[in-house]
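The values are calculated or read from the model by the stated rules, or taken from the named source; none is laboratory data. All values derive from a computational prediction rather than experimental measurement. Quick reminder, even Gly has a Cβ in these numbers, built from the backbone with ideal geometry, and neighbours come from all protein chains shown. Heads up: the accessible areas ignore ligands, DNA and RNA and are worked out on the full protein's heavy atoms, side chains in. Shrake-Rupley method; radii C 1.70, N 1.55, O 1.52, S 1.80 Å.
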Amino acid sequence: MTDAPATPQGGDQPMPPAIRVAGQYVKDLSFENPGAPDSLRGAGQPNIDLSVDVQARDLGNDMFEVELIIGARAQRESNPVFIVELTYAGIVQVSGIPEDQIKPVVLIEGPRHLFPFARAIVSNAVRDGGFPPLLVNPIDFAQLYVQQHVDSEGADI
């Protein structure tokens, strides 16, 4: 005789945890090349200041809009070379996740699914602006979540 896992009576089995990206889209994209054409002839690598932010809002019915915001400013000395700003969003649906774990799941797993697409858009925008593609390194969204939310435990999504 083998021991089978117990199942709840009445056929009510809990849903397995799942996250699904129901849609994704560019919400805002801006590329500026304020010093062109001189900025294209500049010698040396520019200094690049990269910023990343994640925001989410509850759409109801276990659906959330997750925004991955990536900005990069490149400068040589004090002269701007290029500025790129992207807000890439997705509709994320969660199921089978305990209420107290939804916020971290949405703010960690949501942008993790969106990042490869946002990274490609930023890279292509910079390349199309006349510069070598900007390859944004992978981001640890769990660490970003901890940095942004460690002091705001009760904040709403």
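Set side by side, the residues Ile70, Ile108, Ile91, Ile19 differ, and just one is out of contact with any Ser or Thr (no Cβ under 9 Å at 6 or more places or on another chain) and in contact (Cβ under 8 Å) with a residue 40 or more places away in the chain, which is Ile91.
If we keep just the residues of segment 58-97 that are of a type in the set (Ser, Thr, Tyr) and within 26 Å of Ala18 (Cβ to Cβ), which is surrounded by the fewest Cβ atoms within 10 Å (Cβ to Cβ)? The residue in question is Ser95. For segment 73-88, the set of residues classified as within 17 Å of Arg57 (Cβ to Cβ) and touching a Ser or Thr at 6+ places or on another chain (Cβ under 8 Å) is empty. Inside segment 22-63, can you point out the residues that are polar (S, T, N, Q) and without any contact (Cβ under 8 Å) to a residue 40 or more places away in the chain? Within segment 22-63, Gln45, Asn47, Ser51, Gln55, Asn61 qualify. Scanning segment 73-97 for residues that are of a type in the set (Val, Ile, Thr), over 20 Å from Ala125 (Cα atoms) and in a strand (DSSP E or B) yields Ile91, Val92, Val94. Residue count for segment 98-145, restricted to those that are open to solvent by 40 Å² or more (accessible area, probe 1.4 Å), part of a helix (DSSP H, G or I) and more than 25 Å from Arg73 (Cα to Cα): 4. Only one of the numbered conditions (1) modelled with pLDDT of 85 or more; (2) surrounded by 14 or more Cβ atoms within 10 Å (Cβ to Cβ) is not met by Gly42, and that is (1). Return yes or no: is Gln24 part of a strand (DSSP E or B), polar (S, T, N, Q) and under 27 Å from Ala125 (Cα atoms)? Against the criterion (part of a strand (DSSP E or B), polar (S, T, N, Q) and under 27 Å from Ala125 (Cα atoms)), Gln24 qualifies.
Among the conditions (1) open to solvent by 50 Å² or more (accessible area, probe 1.4 Å); (2) in contact with a Pro (Cβ under 7 Å, 6 or more places away or on another chain), the only one that Tyr25 does not satisfy is (2).
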